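> Encoded as C-alpha cells, here's the structure I'll be asking about.
The values are calculated or read from the model by the stated rules, or taken from the named source; none is laboratory data. Please read all numbers here as calculations on a predicted model, not as lab measurements. Every residue, glycine as well, gets a Cβ built from its backbone with ideal geometry; the counts of neighbours run over all protein chains shown. Only protein heavy atoms, including side chains, enter the accessible area calculation; ligands, DNA and RNA are left aside. Shrake-Rupley method; radii C 1.70, N 1.55, O 1.52, S 1.80 Å.
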Amino acid sequence: MIFEEHASLQRKLQILSDAAKYDVACTSSGVSRPGRKGELGNTEASGICHSFSGDGRCISLLKILFTNECIYNCKYCINRVTNDLPRATFTPEEICELTMEFYRRNYIEGLFLSSGIIQSPDYTMELIGKTLHDLRTIHRFNGYIHCKAIPGASPELVEMVGWYADRMSVNLELPTTQGLKNLAPNKSRKSILTPMRQIQSGMEESRKLLGMKGGNRSAYWHTSKRLGRILPGTEALSGSTPASLEQREQKKDMVSEKKEEEELQLPGKAQAGGLTQWNRRDTSRGFVPAGQSTQMIIGASGETDYEIMAVSEALYQRFDLKRVFYSGFINVNQDASLQALEGKPAKLREHRLYQADWLLRYYGFAAEELLSKKRPNFNVFLDPKCDWALGHMEQFPVEINRADYNMLLRVPGIGVKSAQRICAARQTGPLDFPHLKKMGVVLKRAIYFITCNGRLMYDFLKMDEDYITRSILGEDQAVLKNFGQQDIQYRQLSLFDDWKRAEG
Amino acid sequence: MKKKIRVYQCQDTLEGILTAVYDAGKSRYGHDHIRLQAQPEGYHENFNLFSEYIQVEPDREKMEKVLRTVEEKISRQVCQQIICCAFCAQEDKADVIYHYIVCGFAMGAKVVKALQIPWVQRVFEMNRMITNEAHYYREFIRFQELPQDPPVLLSVIEPKNRILSFVAQHFADRLNPEWFIIYDKAYQEAVFHSPAEGWYIRRLEPEEGRQLAAMEDYQEEYVDLWKTFFEAVSIPERENRDLQRNHLPLHFRSHMPEFGN
Ligand code: SF4
C-alpha cells in the first residue's frame, strides 16, 4: 500500500515538474526574512540556487504545477486541452510534504507553484490558496514561495494568496495584444493586467503600513531614484499624474511607445486601500514582499526586440515589476502556424534580451537608447552595452579617475560592483590600468573606452568604431562558440545586423 | 651588509597567526624584512640559509590584543577581514595579514578601499575566496535524514578553505527546528546544532570522522523523489552540460545525491 502511494507521488511529481519546466522565472530573490523560532526556513534577498539542471539552468525552487489539466487552449502550451498526454493533479497535502522534506535537505529554497486551469480560474486559485495556507500555518514553513495568479480569478482569492506568497507573477504570455489574441484565445490583456495591478496596489499599501517588512523596492525603482526619474506607475497610484509628465509622454513621437501605452493601459485608476484581509491573515510577512514578476514568450509571434524592450520598460515603470523574464519559444506542439526560431540563435536572442533588461534595471539605460524603430533588433554579436557604446563614441574615452559613477556604468567591461570599487579606491589615490583588473573590470573590453590619468592603455588603440568592433569580435570568438556561432566571421556582421534577415 | 629576512613561523590557526603578528610587530625589526609563515603541525621545511627563523607558540592573550587593537585603531571591518583570511587555504596568508595590518595602521579604516596596494588586493581576494566558497556550500550542501529519535540531518562536505564557521549560522537560522550535523571531512571538524542549544563547532577524533562518513549513503525515498524532479525539470532541447559545469563544478558533486548513479 505504502509503496503504491509513493509510486504515485513520484509519478505525479514527474508529470507535474516536467510540465512546469518551461517556466523561466525560478528565482528565490527579493526578500530577506530571518528564521523564526519553530518555523522551517528563511529567505535571502539575493536568492539561492541549489542545483543546476542538465540545461545549465539554476534550480532554486520546487517548480511544479498544481495540475497539468487545463480547460484552455493556448497554442504554444503543452498542457492545452486538445493535447493528449498523461494528466495529474497534486493534493495540497502532497505539495506540502514535498516542499518541507526537500527544504530540510537543502535541495530547494522554497516552492514555485503554477497551474493549469482546472474547472475554473476561481476553483484553481482556491486550491493553490489552500496549499499555501496549509504550508504556512500547519507546517509552519517560513521559506520562499512564488505563486502564479491565475488570470480571471476573483480579487479575494488573489489577495489571500498574496498574504502567503513572497512573490507572485501573472504571465504576460506574449508581448503584444495581437499575439495574445492569436495564440491564447481564452485570455485577454485585461484579465492579465487586472491581477497585476491589484498586486501592485496591495504591495504599495503593505509597504506604506509595514515599512521595510512590507517589501523591497525593485532594482528599476532604485536606479530611477538614483537618476532622479519619475515613474508613472507610482504617480498613477497616488491618484494624480502630474501634467508635466503627461506632456512629456505626449511629446514622444514614437509609434511603438503609443502602441505600448494602449497595450498596457488598464481602464480606470489603480486603487490604493484595496487590501481587505488585514484582520484575517497573518500580516507579519507583508503582502507579496518579494514583489511580482512576469514572463513573456519570445519568438512565437514575430515581435521585434524594440517592441519587447518597450513593453518591459513600461511594465517596470507602470506596474512596478521586479523582473520580466523572457522565454525563448520552443514549439512543443509542433504547431505549423507558429514559426519558431530554434536552437542556438533563439538562445542568443534571449541572452541579449536579458542583458538589455539588466541595462534597464541596473544601469539606467532607456529602451529607446538601445534600440529604435529604425534599428529594432539587437546586434546578436555584440552585447547591447557594447553596441550602444560603439554608436556613441563621442562620449568616450572616459577618464577612470574622474568620471562620475553613472558614466562609469556605461563603459563596456565595467559592472555595478567594479564601478563602485573604482569610486571607492580613487578616493585613496590615483588608479592605473593594472589596478582595474583587480577590481573586476573586464579590461579586454574596457580598454577601448577608458583612460587612466589621461592615457589609453596602449598607444596603438584607436578611437574608431570599426576598428573597435573588429577587435572585440575577434576576441569574442570564444564567447560566440558557446552559442554555437564559431563559424561566423565578423565580416558577415552587417548581414546579420538585423534579426529578421538572420532568421530568413 | 644586507639585512637578513626574519621569518616568523607559526601554527596555521587564527591564534597562531595573530600571535606571530604580535611578536613581529613588537620586534621593531622593520616591516620590509619580516615574513610570516603559517605551517600545518609538524611541518618544518622551507628553510632558507639567508633567513633567520623564529618559531612562535600560539598565545590566546596576544591574539586577543591584536584583534582589539585592530578593531579600535583601524576598524571592525578590517578585523573581520583578517579573521576571514586566517581561514583561507593560501600559503601567504600570515604574511598578508601582517602587512595588511601595517597598512591599516598607516591609513586607517579606508585601507579596505585601497585596492591599488598589493597587500590589500590579496586580502580582498582571500575574502572573496572564502565568501564564494561559503556561498557555494550554502547552495550545494545536502542533508540526509538519519533515522533516529529525534531525526538528525547529516551533511558531509570537503571544502578547499575552512568555511564551516561561515556557513553554520546560515543553517542554524533556517533549520532552527532541526537537529543537524555538518561534517567537514577535509579539516576534520563538524558543526552540531540542536533546536534548544544552538550550534558549536569542534574538531573530531579520527574515529568519529570515520563513523560520520560511513553514514552518508543517500538511501532515502526523498532522494528518489528529488532525482525525479531534477531530471524532469531540465529542458532536453536546451541541454548544456558546459554551462551546468560552470555553475556547479564537478568536485561538489560527490556529496550531492542528484549526481549519484
Ligand atoms: S492556461 Fe496555462 S496551462 Fe492552460 S493552456 Fe494556457 S498556458 Fe497552458
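> Quick one: which of A:184-196, A:449-461, A:100-112 comes out on top by average Cβ neighbours within 10 Å, and what's the full order, highest first?
Working: A:184-196: 19.2, A:449-461: 14.5, A:100-112: 23.8.
By packing density, highest mean first, the sequence is A:100-112, A:184-196, A:449-461.
> I've got another one for you. Using 20 Å bins from zero, what percent of all Cα-Cα pairs in the protein assembly as shown falls into each bin?
Result returned by the calculation: 14, 43, 35, 7, 0.
> May I ask for the percentage of alpha-carbon pairs in the stretch A:384-484 that lie more than 21 Å from each other?
Details: 1552 of 5050 pairs.
Beyond 21 Å sits 31 percent of the P(r) for the stretch A:384-484.
> When averaged across all projection directions, what area in nm² does the alpha-carbon convex hull of the stretch B:12-140 cover? Each step should come with its number before you reach the end.
Numbers: hull surface 35.1 nm².
Spelled out: convex hull of the Cα atoms, projected over all directions, averaged, 8.8 nm².
> Counting only other chains, what is the mean number of Cβ atoms within 10 angstrom of the Cβ of each residue in peptide B:222-228? Kindly include the intermediate steps, with their values, before the conclusion.
Values: counts 7, 2, 3, 11, 9, 1, 8.
Whole-number average of other-chain Cβ neighbours for B:222-228 is 6.
> How crowded by other chains is A:144-150, given as the mean number of beta carbons from other chains within 10 Å of each beta carbon? Present the calculation step by step, with values, prior to reporting the outcome.
Details: counts 0, 0, 0, 0, 0, 0, 0.
Other-chain Cβ atoms within 10 Å of each residue's Cβ, averaged: 0.
> Compute the signed sum of charges (Lys and Arg +1, Asp and Glu -1) over the other residues within less than 12 Å, Cβ to Cβ, of residue B:251.
Values: positive: B:160, B:245, B:253; negative: B:133, B:158.
Cβ neighbours under 12 Å give a net charge of +1.
> Per-residue Cβ counts within 10 Å, from other chains only, averaged over B:127-140: what number is that? Write down the numbers at each step before the final one.
Working: counts 0, 1, 0, 0, 0, 0, 0, 0, 3, 1, 1, 5, 10, 6.
Mean partner shielding for this stretch: 2.
> Another question, if that's okay. Excluding ligands and nucleic acids, what accessible area in Å² is computed for residue B:183 using a 1.4 Å probe, to the nearest 10?
Result for residue B:183: roughly 0 Å² accessible.
> Over 20 Å between Cα atoms: which of A:190/A:225; A:417/A:444; A:63/B:227; A:12/A:63 fall into that group? Before the final figure, lay out each step's value.
Numbers: A:190/A:225 29 Å; A:417/A:444 17 Å; A:63/B:227 14 Å; A:12/A:63 13 Å.
Listed pairs above 20 Å: A:190/A:225.
> A further question follows. Please list B:214-224, B:74-84 highest first by mean number of surrounding beta-carbon atoms within 10 Å per residue. Don't skip to the end; give the middle numbers.
Working: B:214-224: 14.0, B:74-84: 19.3.
Answer by packing, highest mean first, reads B:74-84, B:214-224.
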